[in-house]
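Okay, structure first, notes after.
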Amino acid sequence: ATRLPLRGVARGMLQRLITATPRRLSFVAFGRARSHRAACLAAAPSPRASRASRSWSHLAVGLAAGASMGLGSSGSRSPLHAAGPSDDLSHELYADEQRTVAMFERCSASVVHINTFVERQGIVLSPQGYHLGMQDIPKGTGSGFAWDSEHIVTNFHVIMDAHRATVVLSDHTSCEATLVGAEPDCDLAVLKINRNAQVRKPLLPLDKGRSSNLHVGQRVYAIGNPFGLDQTLTTGLVSGLGREMNGVSGRTMRGLIQTDAAINPGNSGGPLLDSRGRLIGVNTMIASPSGAFAGVGFAIPVDTVVRVVTQLVKFGYTKHAHLGIFPLPDHMKKKVSPKVSGSNGRNIEGVLVLKIVPGSPADKAGLEPMYQTARGDIRLGDEILAIDGKKVSTTEDLVSAIEDHSIGDRVTLSYFRHEVNDDRPQQRSVEVTLTERPGQHSVQASGNGGSSPHSGRVPISEFSEHEGRRSRL
């Protein structure tokens, strides 16, 4: 297929050479070097070839080499040395490096930089001069990523206690953001960008994977803004699955993905991706004695993210199944003396009911709370032992058992009834239909979807009630 500019005699010699030798010749041109030398490699002739054939072979090789050198000296480029396109990295990078570069270029456009601000009283300058007034003070930075064409997902602790948030997109355009909703127990929040003249392109959402089929040893990538360095890519492996850590709300976060991909301050809220660029988690925290990355980072699994964020976008809050009790705190349960009337000398193994919400499923099922008798004795409330056969011994166990079910599920509750004069409390069971936790609308951010009169404000103060919600099951 390679055409060499040989004239009549040389071309005729080559044709005679090809027909005279039983083997085809292979030419390897090494291109034009500094001295315009070219090397050619020819297959050895068959022992049956005549001496004349060998002479023709040497002559043809020399003519081909001379023609190749002539091409180089004339200034034209040989097709054997044609360069590939300038953006072709196949000759510079290995295949896995090319895939990583392509993945980053595709996914980094969906990652944003979030700056938060708080209002503080200070000396501000106005046309009338200096005076005391409220001014925005930078609070912190974090990362986020596009969920759809207008919503940004990040960590709750990134925007916690902030009064205002700005989002810097991958093309370095900036816009204000309004809080749509947040779930402190899962450390997730959703913002909605307020488009301006600078923001013209729609957000590019990430493809979503599944966290149910992850494997330890699988390669993962984290994109974020550590220490304010935007669009930073780090890589590592899935180091563990199903980890448990205490979250920002004090609740235990379950099912976390452990990774050794570098996660530093500023990475919070950024995506954790698989090798195909699919979202598999949201980076949330690290375990480190010094506060710097020590090789142990954690991400919220994407299955949890999809469940929570879908509700936040739709309702502005998350819906939880509700039993309707206030449990006795675990540290108080340990202090309950066996001599207290109704304990009958046995250790408390389950969760004691401290208070019951009127009209709740627990109230309708006939559960009884702790109370004081007319004689001044304390009668212990019902002791919940299991839900649908799942043993509960702490408040966290009870929370987990309830969250495993959905609103409207009918569950079997096993419990002990502690009577004052009953030496042997009997184990009982009752069926309860879980309902939606009431009062959740009070933690929905005002201005859901950008209708707040304070455009761009992030009213995180409305989430101060989450501690009270957390104690009600």
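The values are calculated or read from the model by the stated rules, or taken from the named source; none is laboratory data. Everything numeric here is computed off the predicted structure, so don't read it as measured data. No Cβ is skipped: glycine too gets one built from the backbone with ideal geometry, and neighbour counts run over all protein chains shown. The accessibility values were calculated without ligands, DNA or RNA, using every heavy atom of the protein model including side chains. Shrake-Rupley method; radii C 1.70, N 1.55, O 1.52, S 1.80 Å.
The figures follow:
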| read-out | value |
| --- | --- |
| Odd one out for Phe104, checked against (1) of a type outside the set (D, E, K, R); (2) under 19 Å from Leu191 (Cβ atoms); (3) in a helix (DSSP H, G or I) | (2) |
| Among (1) assigned to a strand (DSSP E or B); (2) exposed (fewer than 14 other Cβ atoms within 10 Å of the Cβ), the one test that Val190 misses | (2) |
| The stretch 165-187, residues that are part of a strand (DSSP E or B) and open to solvent by 10 Å² or more (accessible area, probe 1.4 Å) | Thr166, Val168, Ser174, Glu176 |
| Filter pass, Leu233 being touching a helix residue (DSSP H, G or I) at 6+ places or on another chain (Cβ under 6 Å), surrounded by fewer than 20 Cβ atoms within 10 Å (Cβ to Cβ) and not in a loop (DSSP other than H, G, I, E, B) | yes |
| Residues that are part of a loop (DSSP other than H, G, I, E, B) and surrounded by 21 or more Cβ atoms within 10 Å (Cβ to Cβ), drawn from the stretch 352-367 | Ser360, Leu367 |
| Pairs, first under 19 Å from Asn264 (Cα atoms) in the stretch 213-224, second β-branched (Val, Ile, Thr) and open to solvent by 50 Å² or more (accessible area, probe 1.4 Å), C-beta under 9 Å, six or more apart | Arg219/Thr235; Val220/Thr235; Tyr221/Thr235; Ala222/Thr235 |
| Looking only at the stretch 213-230, and only at residues there that are out of contact with any Pro (no Cβ under 8 Å at 6 or more places or on another chain), open to solvent by 80 Å² or more (accessible area, probe 1.4 Å) and not β-branched (Val, Ile, Thr), the one that is nearest to Thr154 (Cα to Cα) | Leu229 |
| Selection count where residues are at pLDDT 80 or above, of a type outside the set (Phe, Trp, Tyr), part of a loop (DSSP other than H, G, I, E, B) and open to solvent by less than 40 Å² (accessible area, probe 1.4 Å), scope the stretch 316-348 | 7 |
| Boolean, Glu383 is in contact with a strand residue (DSSP E or B) (Cβ under 9 Å, 6 or more places away or on another chain), farther than 15 Å from His322 by Cβ and open to solvent by 50 Å² or more (accessible area, probe 1.4 Å) | no |
| Conditions (1) of a type in the set (Ser, Thr, Tyr); (2) part of a loop (DSSP other than H, G, I, E, B); (3) over 18 Å from the mean Cα position of the chain (by Cα): number failed by Ser211 | (3) |
| Residue among Ile137, Ile159, Ile114, Ile152 that alone is open to solvent by 30 Å² or more (accessible area, probe 1.4 Å) and among the β-branched types (Val, Ile, Thr) | Ile137 |
| Hits in the stretch 403-416 (condition: within 18 Å of Gly366 (Cα to Cα) and modelled with pLDDT under 90) | Phe416 |
| In the stretch 284-315, the residues that are in a helix (DSSP H, G or I) and surrounded by fewer than 21 Cβ atoms within 10 Å (Cβ to Cβ) | Asp303, Thr304, Val306, Arg307, Thr310, Gln311, Val313, Lys314, Phe315 |
| Filter pass, Gly281 being open to solvent by less than 30 Å² (accessible area, probe 1.4 Å), out of contact with any helix residue (DSSP H, G or I) (no Cβ under 9 Å at 6 or more places or on another chain) and part of a strand (DSSP E or B) | no |
| Filter result for Glu431 (modelled with pLDDT of 90 or more and of a type in the set (Asp, Glu)) | yes |
| Filter result for Val248 (open to solvent by 20 Å² or more (accessible area, probe 1.4 Å), without any contact (Cβ under 8 Å) to a residue 60 or more places away in the chain and β-branched (Val, Ile, Thr)) | no |
